[in-house]
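Q: First the structure, which I've put down as structure tokens, then a few questions once you've had a look.
The values are calculated or read from the model by the stated rules, or taken from the named source; none is laboratory data. Predicted model only: the values in this text are computed from it and were never measured. Glycine also receives a Cβ, built like all others from the backbone with ideal geometry; neighbour counts cover every protein chain displayed. Remember, those area values only see protein heavy atoms, side chains included, never the ligands or the DNA or RNA. Shrake-Rupley method; radii C 1.70, N 1.55, O 1.52, S 1.80 Å.
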Amino acid sequence: MKKILSALLAGALLFCLAGCNAGSGDDSSGASGQAQKTKLTVVLDWLPNTNHTGLYAAWKLGYFDEAGLEVSIQQPPEDGAEALVAAGKAQFGVSVQENLASALSADSPLPVTAVAAILQHNTSGLVSLKEKGIDSPKKLEGRLYACWDTPIEQAILKSVMEKDGGDFAKLNQVPSTVTDTIAALQSDIDLVWIYYAWDGVATKVKGVDTNYFEFRDIDPALDYYTPFLIANDSFLAEQPETAKAFLSAVRKGYEYCIQNPEAAADVICEMVPEIDHDIAVESQRYLAGQYQAEAAQWGLFDLNRWDTFFGWLYDNGVIPRRLPAGAGVTNAYIGQ
């Protein structure tokens, strides 16, 4: 999703989303007689996209207002949302499990915790033009792949190729930040790593025939969480009821998206007019089945699956130390 949206939404702006204060511990009143708002900041993982629609729906439909919150949604700095949340400059942020694993396994672990799963499953994989016949990882041999050249990416590619009997050394790679997946596939690039909710849907909407396989179908350990909401640990300890109120409002926003995918597409397109409406509609229809999937409710983490991926990262040399069970994640604030 980062690839195509980096060009598509280059002009997107910061959005300040406001509501009213209620039950957050701040009962002071202004001259108008209204209770003062509780201000919170959320930092995205990238430019606004359909993964974030529940946040915008929570604002537009008044769920933040009902929770007594004034919420500012910001784009991340170059070093990502994790650092900003850890520093206390934002109470919440959007992250992915591989980033959090690095943050938690560092010599000075960042004080952040995952508090709500935006999607229940890893929906990323490799896409290629159908005419090239690349329908399994072994067939990556001799092909040209546009890579980010990150440790997690290389470890996953090596693992899935070897599981399918392929030789990772035979994959040809070129470092490239793909901004248009379809254009890249119609050039000399054979394969692109995509997140299906945007790039995969885009190929369908544009009528491009492709082969696509997801990493989680090859190895269940790769069914990791991406993306999810993180929170500052001190904030969680000092203002647990505010954290719960925020997450309750966000949960309502995502439940609205699940029940009303076409209307949810209208919400994100209103907030970010640069988004292609046709792709947004199809993306929301797809995500309606992914936000919660088989979980008992939106936002809950499968802690066993969380730990399995952290163990995979250590076993494959991506992080320097094995993390303890339940590291960096909790279901305590999402409500059940």
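Q: Go through segment 281-310 and give me each residue that's part of a loop (DSSP other than H, G, I, E, B) and either more than 14 Å from the chain's Cα centre (by Cα) or among the hydrophobic types (A, V, I, L, M, F, W, C) (or both).
A: Passing the criteria: 288, 289, 293, 294, 295, 296, 297, 298, 300, 301, 302.
Q: Sort out which residues of segment 72-84 are within 24 Å of residue 60 (Cα to Cα) and either in contact with a Leu (Cβ under 6 Å, 6 or more places away or on another chain) or not hydroxyl-bearing (Ser, Thr, Tyr) (or both), and write them in order of number.
A: Pass one, segment 72-84, residues within 24 Å of residue 60 (Cα to Cα): 72-76, 81.
Across segment 72-84, the qualifying residues are 73, 74, 75, 76, 81.
Q: With the requirement that a residue be surrounded by fewer than 20 Cβ atoms within 10 Å (Cβ to Cβ) and either in contact with a helix residue (DSSP H, G or I) (Cβ under 7 Å, 6 or more places away or on another chain) or at negative phi (or both), what does segment 61-79 give you? Outline the logic, then answer.
A: To start, the set of residues in segment 61-79 that are surrounded by fewer than 20 Cβ atoms within 10 Å (Cβ to Cβ) comprises 61-62, 66, 70, 72, 74-75, 77-79.
Passing the criteria: 61, 66, 70, 72, 74, 75, 77, 78, 79.
Q: So the check is Cβ under 9 Å with 6+ separation or different chains; which pairs have a first residue in segment 73-94 that's under 17 Å from residue 328 (Cα atoms) and a second one that's of a type in the set (Asp, Glu) and surrounded by fewer than 20 Cβ atoms within 10 Å (Cβ to Cβ)?
A: These pairs meet every condition: 86/233.
Q: Right, next: Determine which member of the set 278, 219 is in contact with a Ser or Thr (Cβ under 8 Å, 6 or more places away or on another chain), in contact (Cβ under 8 Å) with a residue 40 or more places away in the chain and either of a type in the set (Asp, Glu) or open to solvent by less than 40 Å² (accessible area, probe 1.4 Å) (or both).
A: Values: 278 fails: in contact with a Ser or Thr (Cβ under 8 Å, 6 or more places away or on another chain).
Of the residues listed, the single one that is in contact with a Ser or Thr (Cβ under 8 Å, 6 or more places away or on another chain), in contact (Cβ under 8 Å) with a residue 40 or more places away in the chain and either of a type in the set (Asp, Glu) or open to solvent by less than 40 Å² (accessible area, probe 1.4 Å) (or both) is 219.
Q: In addition: Being closer than 21 Å to residue 201 by Cα and open to solvent by less than 40 Å² (accessible area, probe 1.4 Å) narrows it down to one of 53, 38, 113, so name that one.
A: On the way: 38 fails: closer than 21 Å to residue 201 by Cα; 113 fails: closer than 21 Å to residue 201 by Cα.
So the residue among 53, 38, 113 that is closer than 21 Å to residue 201 by Cα and open to solvent by less than 40 Å² (accessible area, probe 1.4 Å) is 53.
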